[in-house]
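Below: the structure, in structure tokens.
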Amino acid sequence: MNVAIVKYNAGNIYSVVNALKRLGVDPLLTDDIELLQKADRVLFPGQGEARGAMEYLQARRLDEVIRSLRQPVLGICVGQQLLCKHSEEGDVDCIGVFDAEVKRFQPEKHEDKVPCMGWNKLSLPQPLLKEGRVDPLMNGLLSPLSMEGSGHAPYVYFVHSYYVPVCEDTIAVADYILPYSACLQKDNFYTCQFHPEKSGKVGERILENFLQLNNR
């Protein structure tokens, strides 16, 4: 399988490279438009600041390229936020795959620390819970039973100051100060606000699920 990782001015990319190598995949780290378009899977990870990242992507037309991709794409951390329409971080318009506004956490009590750092559990959003449905990205990890206390809720690792509110594209929820989108899905685009590459066996399963996805 030909797997590409978008190369841009964001940190944390090499930890994703290493996580994929542990799964037997040797990804290509590239900003070459043709190579990104030809890849079977594309990952869009990163840590950093939204405005600077968008300026870099726009200068190289990578924002247009990412928006036009038709194979499965996985945005991670800042990658999730940049796939939304606008971010409060730098008050910047983003790529716009998801019709969502990225917000900054507002502490409500003394123990609320920003950035949010550490392990937190995932749950199903209410619409999927009512349907008894789990997105393929969450196969083997989330189920209606896990929401009812009869199953095991998966824990993953977060580091972020900004979040995407729960919306119609939310496929997994986390709760810190308020419930927010831990994962999104729309068409061939999938995202994780957390770091699957730092989330042990749960994160490994998410990456495996992504690699096994079929185009919708």
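Descriptive notes on the structure:
- Residues that are at pLDDT 95 or above and either of a type in the set (D, E) or open to solvent by 40 Å² or more (accessible area, probe 1.4 Å) (or both) within segment 118-138 comprise W119, K121, D135, P136, listed in sequence order.
- Among the conditions (1) more than 17 Å from the chain's Cα centre (by Cα); (2) more than 30 Å from M1 (Cα to Cα); (3) touching a residue at least 12 places away in the same chain (Cβ under 8 Å), the only one that H110 does not satisfy is (3).
- Pair list, Cβ < 8 Å and 6+ apart or interchain, from segment 9-28 residues that are over 18 Å from L57 (Cα atoms) and free of Cβ contacts under 8 Å to residues at least 24 places away in the same chain to residues that are part of a helix (DSSP H, G or I) and of a type in the set (A, V, I, L, M, F, W, C): D26/L20
- Residues of segment 171-193 satisfying the condition of being open to solvent by less than 10 Å² (accessible area, probe 1.4 Å), farther than 17 Å from S87 by Cβ and among the hydroxyl-bearing types (S, T, Y): Y190
- Residues considered: V17, V97, V42, V102. Of these, the only one that is under 18 Å from the mean Cα position of the chain (by Cα) and either closer than 22 Å to M117 by Cβ or not β-branched (V, I, T) (or both) is V102.
- Helices (runs of 4 or more DSSP H) enclosed by segment 116-216 - at least 3 residues per element that are within 20 Å of V42 (Cβ to Cβ): 200-211
- Only one of the listed residues (C192, C167, C116) is within 26 Å of E49 (Cβ to Cβ) and in contact with a helix residue (DSSP H, G or I) (Cβ under 7 Å, 6 or more places away or on another chain). That residue is C192.
- Taking every residue in segment 56-69 that is within 13 Å of V42 (Cα to Cα) and pairing it with any residue that is assigned to a helix (DSSP H, G or I) and open to solvent by 10 Å² or more (accessible area, probe 1.4 Å), at least 6 positions away or on another chain, the pairs with Cβ-Cβ distances below 6 Å are V65/I33.
The values are calculated or read from the model by the stated rules, or taken from the named source; none is laboratory data. Since we're looking at a predicted model, the values are computed, not measured. With ideal geometry, Cβ positions are generated from the backbone for all residues, glycine too; neighbour counts draw on all protein chains shown. Just the protein is used for accessible areas: all its heavy atoms, side chains included, with ligands, DNA and RNA removed. Shrake-Rupley method; radii C 1.70, N 1.55, O 1.52, S 1.80 Å.
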